[in-house]
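Enquirer: First, the structure itself, so that you have it in front of you.
The values are calculated or read from the model by the stated rules, or taken from the named source; none is laboratory data. Please read these numbers as outputs of a predicted model, since none were measured by experiment. Please note: Cβ atoms are built from the backbone with ideal geometry, for glycine as well, and neighbour counts cover all protein chains shown.
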Amino acid sequence: MMQVQIEIQIIAVLVALTCAIPGTFLVLRQMTMISDAISHSILPGIFFGFLISGSLNSPIMILLAAFMGFVTVFSVELLQKTQLVKQDAAIGLVFPALFSIGVILISKFAGNIHLDTDAILLGEIAFAPFNRLHLAGLDLGPVAIWVQAGILVINLGFFFLLFKELKLSTFDAGLAASLGLSPVFIHYALMGIISVNVVTSFESVGAILVVALIVVPASTAYLLTDDLRKMIIISAVAGALSAVTGYWAAFWLDVSIAGSIATSCGIIFLTTYLLAPQRGIITVLKNRKRQKSEFAMMTLIIHLQNHSDENDETEERRISHLWKHLAWPKHHAEKVVKVTEKNELIRIENGIIDLTEKGRKFATLAFGLISSGKKEDYRELRKEFLVFGE
Amino acid sequence: MKPAIEIFDLTAAYKYKPVLWDIDLTIPEGVLMAVIGPNGAGKSTLLKAMLGIIKPVAGTVRFFGYSYEENRKLVAYVPQKGSVDWDFPTTVIDVVMMGSYGRLGWFKRPGRKEKKQAYEAIEKVGLIDYTRRQISQLSGGQQQRVFLARALMQEAEIFLLDEPFQGVDVTTEKSIIKILKDLRSQGKTVVVVHHDLQTVESYFDRVALLNIRLMASGAVSEVFNPANLERTYGGNIKLFPESQLNTQSV
Amino acid sequence: MENAITEFFTNHTFLIIAAGTSILGIVSGMLGSFAMLRRQSLFGDAISHAALPGIVLAFLISGSRDSLWLLSGAAIFGWLATLFILSVVNNTRIKSDSALGIALSVFFGFGIVLLTYVQKIPDSQQAGLDRFIFGQAATLVKRDVIIMSVVGVVILICMLLFWKEFKIMAFDPDFAATIGVKTRFFNVFLTSMIVAAIVIGLQAVGVVLMSAMLIAPAAAARQWTNKLGMMVFLSALFGVISGVGGSAISSLGTRISTGPSIILTAVLIGAISFVLAPERGLMVKWIRDYQNRYKLELQKILDDMLEISLQHGEPYHPHSLAILNHTRGFNKKRILDLVNYGYIELVQGNEWKFTLKGYQKAQESTTSNKFEL
């Protein structure tokens, strides 16, 4: 591997790691759209910062762009307060407007400077290694690595310091407020750090990839764990993995690195979406099918129990009756009856269904459960009585 | 003559947690009936399952012997007012006119006849001064009355209302119950999901007590007693006889 | 002779652009109204970003730059994104904002990958594809406009035919279901039309900004009316102004992408609407607030004056102005205003007393708390 390749991957991984932590919180707070908005609307800030300082790495630019991030958040909230539009529409008005201003400014005035519209969206990570940091005659590597590493450290510091507060205000804003931890302050602090992240990552990876790295790995992690800390770690790992695999795919196919990394995030997400234990779609659909079956059985049993005491309720217990009053299609009713019979909860004689002893016990327990409504008890009940051999 | 509403073995669930279980209920024509029960007891779900808004796991519902799909005109529904975006660009008359959309079918537009009926309905609920107002300019009670007017437009035989008295002012409550009692005297069947136990006896003839299963149902005088209430609510429910209350009787 | 030809040619081109962007404006205005009312504004953002890979793939497969292919590809991918989002939201605990963000960034990133792949093919034809990112109305040709018109007319007809159903679906879907409206069908129908609206706008506005075209005209229109029909009409009108105006403005300079100028025009119309609209507008609110505060100030002073008078016993007895220093809201200008309204009189320059009118007014204000000038 050439040094340049290593450096590019390092930058990409650093960006992924930097985005993983705030991404986790944004996903949990359901505020990911704001990160999309900020990544677009900082553009005017970048333009002015570039105009003033002449470079894409100057602190002035970072400051101006971060300022634009705040402007975005404030504008959206101000607009919402007027009650003339709802929040989603407010976001969808503010960032396109600011982004458009930025694009026009750049195409009109920055055309001769090294700043064009494609770079805005995609960054120029491929060229990042060519901008190197020279100190005292030593080549210390690409500037981007230093900047990104610095931002990562700042992030780690920020989130480490405010971890408890962020955790509490994310899951229980009311409690946080009553404990004196102003959720408003935390909210703006979070927005601030996001702005800074977006700005610094912008140059390397562009607007779209920043959004991808913020939202997708964290969502992937969300499907895999319930623990906040684990979620952050998995998010970081998924992001880093996407960065590396994305880079190699881009190298192999000779296509956009940023686009490739974003696609890679998506593929990892998709895989998790399908295969995750518990929450993956395959498991969910399987469970759903089973639950439906169990539920139908419970319905049948309880229905029989309700009508087994009176003599003239024999009608209600005819198989043919089932699809009259329960409104079950014939073939569905037959299936349910078969499974229930297999579980020895019912017995069929002359087309009339009777509850077995086991079935009666089951019905009584189920009745009690309905009133208490506790989910765990269902599982116990199911385990004890039901067996599936489809 | 078939009863107004017949419910057989109605079972409904939300993510495999039962919300209604094996409900068998018959409601005769021309009554004003309350459905009561604790929160989460499935009261709203009962109405929604009856109308097919929620698909039940099992069971059938018949209105005068017909399924709802066969004869929608028979039934009018007044939902909880929280379920709508009040900032929507529409006025009182607009919303009430929507009550005629079901009758008109595809492609036809509401005309003069419908407009006249709409004005009558608005008059009946006492909102004639607000006819052209945008709905967010109305108070909670007025919004509820708009929904009621819309239901009146539907020319139905059966009216299902979901907590119509929730969070409304006294004037609105008085006017709504008067309209409901009028409907009953016209021979309509009115079923109301109700939250206020204090008013059951003065407002309704029949009551159904629901807590996922049907605990009891019948005439208020027979069925509305402490024993049944305790079974339904699972605790101590104290009812003050009206003589002890200082409130105005409605 | 040559000048005349050039003139005609330029005009013809502009006509095409104007026609194309007008259709875009009308369609996005109409559908945008419904999308906005159903809180699906950002959903449009995801769909438009997701269209990019569709466009490029269509080019790769068909080998042609023809709009029909490209827009079909865009529509297919737009729908794929929709299905993806719905599937994620309905089957996992991931919330809708994250699902939108995932669809948006991943599909778009994939689109960029395809784009850079295509750009390596040594064929000048494909160079035009990146106009779909920020939009370039100047690239519209007659055939494009024809396609847009057909789609636009179909949408218009559907909207008119099923107006009642769409209206009631947007306002109260539960009620709609009870009166027999097939909500599922109409949801799919409406979403398809939204996808179509987005797709036909992509050439002029680009994927990145198209979502704003669904929001801005509708948000602006909402401020001017309380009737859905009028809102949809105004929205279409604002859409046309933005489309045509924006393209005109961008062509005045050098070749800037038309997307940003169209969007800025639309947002400007929105901002003007937010401020100037009667009833809902901010200007009206500010004026009303100011008037209320003004009245309140005068009312306070009169109340205090009444108190002073009552302490004295004789209502029309003059009092020194200096006493008022201790009251709230004492303000020389307001005192003069009160004189102008005829509520008090100044005596010898440093004293005030009630007039008949003023005394009545002050009494009225204290008892009924109503105060009109």
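Enquirer: Is one or more of the residues making up segment C:186-203 under 19 Å from B:Lys108 (Cα atoms), surrounded by fewer than 21 Cβ atoms within 10 Å (Cβ to Cβ) and within 11 Å of chain B (Cβ to nearest Cβ)?
Expert: no
Enquirer: Which residues, counting only those in segment B:87-124, are more than 10 Å from chain C (Cβ to nearest Cβ) and part of a loop (DSSP other than H, G, I, E, B)?
Expert: Hit for segment B:87-124 is B:Gly111, nothing else.
Enquirer: Assuming A:Val215 fulfils every condition listed in (1) in contact with a Cys (Cβ under 9 Å, 6 or more places away or on another chain); (2) more than 8 Å from chain C (Cβ to nearest Cβ); (3) under 19 Å from C:Leu86 (Cα atoms) apart from one, which condition is it?
Expert: Unmet condition: (2).
Enquirer: Another question, then. For segment C:327-373, what are the residues that are in a helix (DSSP H, G or I) and among the basic types (Lys, Arg)?
Expert: Residues satisfying the conditions are C:Lys332, C:Lys333, C:Arg334, C:Lys357, C:Lys361.
Enquirer: Looking at this structure, is C:Ala137 more than 12 Å from every other protein chain (Cβ to nearest Cβ), crowded, with 17+ Cβ neighbours inside 10 Å and modelled with pLDDT under 90?
Expert: Yes: the conditions hold for C:Ala137.
Enquirer: Looking at C:Leu104, is it in contact (Cβ under 8 Å) with a residue 60 or more places away in the chain and not polar (S, T, N, Q)?
Expert: When the stated conditions are applied, C:Leu104 does not pass them.
Enquirer: Now for a separate question. I'd like the full set of residues that are under 20 Å from C:Asn340 (Cβ atoms) and not hydroxyl-bearing (Ser, Thr, Tyr), limited to segment C:298-316.
Expert: Matches in segment C:298-316: C:Leu298, C:Gln299, C:Lys300, C:Ile301, C:Leu302, C:Asp303, C:Asp304, C:Met305, C:Leu306.
Enquirer: Let me ask another. Identify, from the list A:Asp172, A:Asp139, A:Asp118, the residue that is of a type in the set (D, E, K, R), in the same structural domain as A:Ser242 (by TED's automatic domain parsing), more than 16 Å from A:Ile21 (Cα to Cα) and at pLDDT 75 or above.
Expert: Exactly one of A:Asp172, A:Asp139, A:Asp118 is of a type in the set (D, E, K, R), in the same structural domain as A:Ser242 (by TED's automatic domain parsing), more than 16 Å from A:Ile21 (Cα to Cα) and at pLDDT 75 or above, namely A:Asp172.
Enquirer: Answer yes if at least one residue in segment B:125-135 is among the small types (Gly, Ala, Ser) and within 9 Å of chain C (Cβ to nearest Cβ), and no otherwise.
Expert: Scanning segment B:125-135, I find no residue that is among the small types (Gly, Ala, Ser) and within 9 Å of chain C (Cβ to nearest Cβ), so the answer is no.
Enquirer: Given the structure, is A:Leu365 modelled with pLDDT under 75, assigned by TED's automatic domain parsing to the domain that holds A:Met298 and among the aliphatic types (A, V, I, L, M)?
Expert: no
Enquirer: Let me ask something additional. Checking C:Thr355 against (1) surrounded by 14 or more Cβ atoms within 10 Å (Cβ to Cβ); (2) at pLDDT below 85, only one condition comes out false. Which one?
Expert: Only one criterion is unmet by C:Thr355, namely (2).
Enquirer: In segment C:139-158, which residues are closer than 20 Å to C:Ser64 by Cβ and either in contact (Cβ under 8 Å) with a residue 40 or more places away in the chain or not in a helix (DSSP H, G or I) (or both)?
Expert: C:Thr139, C:Leu140, C:Val141, C:Lys142, C:Arg143, C:Asp144, C:Val145, C:Ile147, C:Met148, C:Val151
Enquirer: Just the residues that are assigned to a helix (DSSP H, G or I) and either over 13 Å from the mean Cα position of the chain (by Cα) or on the phi > 0 side of the Ramachandran plot (or both), please, taken from segment A:199-227.
Expert: Of everything in segment A:199-227, those that are assigned to a helix (DSSP H, G or I) and either over 13 Å from the mean Cα position of the chain (by Cα) or on the phi > 0 side of the Ramachandran plot (or both) turn out to be A:Val199, A:Thr200, A:Ser201, A:Phe202, A:Glu203, A:Ser204, A:Val205, A:Gly206, A:Ala207, A:Ile208, A:Leu209, A:Val210.
Enquirer: Which one of the conditions (1) among the charged types (D, E, K, R); (2) surrounded by 12 or more Cβ atoms within 10 Å (Cβ to Cβ); (3) not in a helix (DSSP H, G or I) does C:Lys295 fail to meet, given that it meets all the rest?
Expert: (3)
Enquirer: Testing A:Leu28 on (1) closer than 30 Å to C:Asn226 by Cα; (2) under 24 Å from the mean Cα position of the chain (by Cα), one condition comes back false. Which one is that?
Expert: Every listed condition holds for A:Leu28 apart from (1).
Enquirer: Related question: Tally the residues that are in contact (Cβ under 8 Å) with a residue 24 or more places away in the chain and part of a helix (DSSP H, G or I), restricting the search to segment A:336-348.
Expert: 5
Enquirer: Among C:Leu80, C:Leu70, C:Leu60, C:Leu104, which is the only one that is closer than 24 Å to A:Ala258 by Cα and either among the basic types (Lys, Arg) or in contact with an Asp or Glu (Cβ under 7 Å, 6 or more places away or on another chain) (or both)?
Expert: C:Leu104 is the lone residue from the list that is closer than 24 Å to A:Ala258 by Cα and either among the basic types (Lys, Arg) or in contact with an Asp or Glu (Cβ under 7 Å, 6 or more places away or on another chain) (or both).
Enquirer: I would also like to ask the following. Could you tell me how many of the residues in segment A:3-24 are without any contact (Cβ under 8 Å) to a residue 24 or more places away in the chain and within 24 Å of the chain's Cα centre (by Cα)?
Expert: Looking only at that region, the number is 0.
Enquirer: When you go through (1) buried (at least 23 other Cβ atoms within 10 Å of the Cβ); (2) within 12 Å of chain C (Cβ to nearest Cβ); (3) closer than 24 Å to C:Ala35 by Cα one by one for A:Leu43, which number turns out not to apply?
Expert: So A:Leu43 meets the others, but not (3).
Enquirer: Can you tell me how many residues in segment B:137-187 are of a type outside the set (Gly, Ala, Ser) and part of a loop (DSSP other than H, G, I, E, B)?
Expert: Here the count works out to 11.
Conditions (1) of a type in the set (Ser, Thr, Tyr); (2) part of a helix (DSSP H, G or I); (3) at pLDDT 90 or above, marked per residue:
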site	(1), (2), (3)
C:Ile168	no, yes, yes
C:Gly180	no, no, no
C:Leu190	no, yes, yes
C:Asn226	no, no, yes
C:Ile241	no, yes, yes
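Conditions tested, residue by residue: (1) within 9 Å of chain A (Cβ to nearest Cβ); (2) under 15 Å from the mean Cα position of the chain (by Cα).
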| residue | (1), (2) |
| --- | --- |
| B:Ile5 | no, yes |
| B:Phe8 | yes, no |
| B:Leu20 | no, no |
| B:Gly30 | no, yes |
| B:Ala34 | no, yes |
| B:Lys43 | no, yes |
| B:Lys55 | no, no |
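Enquirer: Moving to a separate point now. Answer with yes or no whether A:Ile233 is surrounded by 24 or more Cβ atoms within 10 Å (Cβ to Cβ), more than 7 Å from chain C (Cβ to nearest Cβ) and over 25 Å from C:Ile85 (Cβ atoms).
Expert: no
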